[in-house]
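Heads up: the structure comes next, in structure tokens.
The values are calculated or read from the model by the stated rules, or taken from the named source; none is laboratory data. Because the structure is predicted, anything quoted here is derived from the model rather than measured. Note: ideal-geometry Cβ built from the backbone for every residue, glycine included; neighbour counts use all protein chains shown. Note: accessible area is taken over every heavy atom of the protein model, side chains too, but ligands, DNA and RNA are not part of it. Shrake-Rupley method; radii C 1.70, N 1.55, O 1.52, S 1.80 Å.
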Amino acid sequence: MSNRRVLVNLRGLLTPDPARTWAVDRILDAALAMEGGRVVWMGRAVDLPSAWTDVPKVDGGGAWATPGFVDPHTHLLFGGDRSGEFNRRLQGVSYKHIASEGGGIRETVRATRSASVDELVASGESRLRAFRERGVVHLECKTGYGLELEAESRLTAAYGELKRRGWSLDVTLLPAHDLAPEFSGNAEANARAVADEWLPELVRRHPGVARFCDVFVETGVFTVEQGRHIFDAGLRLGLTPRVHADELTWTGGAELAAELGAASADHLMFCSEAGMKAMAATDVTPVLLPGTTLFLGMRDWAPARKMIGAGCRVALASDFNPGSCPCMDPLTILRLGCLQLRMTFEEAFTAMTFHAARSLRHIDLGHLHTGARAEVLLWDIEEVLELVYWVGEPFRPRFLPA
Ligand code: NIG
Ligand code: FE
């Protein structure tokens, strides 16, 4: 293959090292050799192997190079928005109260059910462009605002179309995102419909689109037992579990994720210490979503430090959705990871790159070591820590020329 090139003139390069847990390499005056869209070598420019000296160069313009961000938890596709509800929340009405009146998720479900596949694809693509401009090169995206078979099927079809258009996505089926209005609060019957009818039918209609399945395990939504039933059905269909766990109350969601060998347990503001230990022992990635805590005005920041102490490889994500975190900005999440979850810059950066990718079972994303996809961001700053330090600056990365 002749598409070999070397990225030179970099002030520095910052990347997690996939071979050493939590280790981050910081290389000044760096260079990066690529072939076929993959990293073949990286290190100090003065150490560039002689075989690469005559290869075409790409001028980094004195930037810092980092791997692109990976967002391992988004609800990318939905109809409408919830700015009206947001204003009511500012006037003091709680998220739970709005949901109890039939607003909240239900409002988005109504708007999503009336959206066509084409409309979903169009809004999805404009959101994906916004994520990409800000440095997100791969995302996990959930269904879940259909809550019935046909609408969930349209969401899955729209994700299939976005993948065909070349967007780098992993799709998660989440028809158990909330209790569907048609079941009038009968969670047991709702869980059976998801497990026995909807998931098999979604996989049959859209082969190869989804890799994961998810359930909102929460007081008043689905119990651990109902979650287990749905996840078992997903596993039989080849879908790996990811769990909305311990978000508003402790329910044992992290423990369930560990028992099932889930790829991730997400949210976890109310995770128990036993849940943390169980996740560490079974290599379940805790995916923390500090944007949601911020946007819901809660004070219960997920216990990232305790999880790291327990041996968990924590990841961070946006939870992008219209109700609890309409945020497409990875730098906001990175900053919250540092400022509210008390992660170091290197930890938060690893959590948004390599650990995020790992939670999606990709080991060639989220770092720039040999074998990685050459998804490189170029930042025109003097020191990479500035990404967090200049806390309100809307830095945008440059990308390598195609
Ligand atoms: O991840 N936990 C459930 N779902 C979303 C919120 C959904 C909504 O309010 O629309 C979340 O926070
Ligand atoms: Fe979520």
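Quick one: is Asp329 of a type in the set (D, E, K, R) and either surrounded by 24 or more Cβ atoms within 10 Å (Cβ to Cβ) or within 15 Å of ligand 1 (Cβ to nearest atom) (or both)? It is false that Asp329 is of a type in the set (D, E, K, R) and either surrounded by 24 or more Cβ atoms within 10 Å (Cβ to Cβ) or within 15 Å of ligand 1 (Cβ to nearest atom) (or both). The criterion of at least 2 residues that are closer than 25 Å to Ala356 by Cβ and open to solvent by 20 Å² or more (accessible area, probe 1.4 Å) is met, among strands (runs of 3 or more DSSP E) falling completely within segment 163-275, by 210-217. The set of residues in segment 368-387 that are in a loop (DSSP other than H, G, I, E, B) and open to solvent by 10 Å² or more (accessible area, probe 1.4 Å) comprises His369, Thr370, Gly371, Ala374, Glu375, Asp380, Ile381, Glu382, Glu383, Leu385. I'd like the full set of residues that are touching an Asp or Glu at 6+ places or on another chain (Cβ under 9 Å) and not aromatic (Phe, Trp, Tyr), limited to segment 57-74. Scanning segment 57-74 gives Gly61, Gly62, Ala63, Pro67, Gly68, Val70, Asp71, Pro72, His73, Thr74.
Within the set of pairs 6+ apart or on separate chains, which have a first residue in segment 14-28 that is among the basic types (Lys, Arg), a second that is part of a strand (DSSP E or B), and C-beta atoms under 9 Å apart? What qualifies is Arg26/Gly12; Arg26/Leu13; Arg26/Leu14; Arg26/Thr15.
From the list Ala302, Ala257, Ala265, the lone residue that is in contact with a Leu (Cβ under 6 Å, 6 or more places away or on another chain), in contact (Cβ under 8 Å) with a residue 12 or more places away in the chain and closer than 22 Å to Ile105 by Cβ is Ala302. For segment 119-153, a residue qualifies if it is among the charged types (D, E, K, R) and in a loop (DSSP other than H, G, I, E, B), and the qualifying residues are Arg134, Glu148.
Of a type outside the set (Val, Ile, Thr) and touching a residue at least 40 places away in the same chain (Cβ under 8 Å): does that describe Ala310? The answer is no for Ala310.
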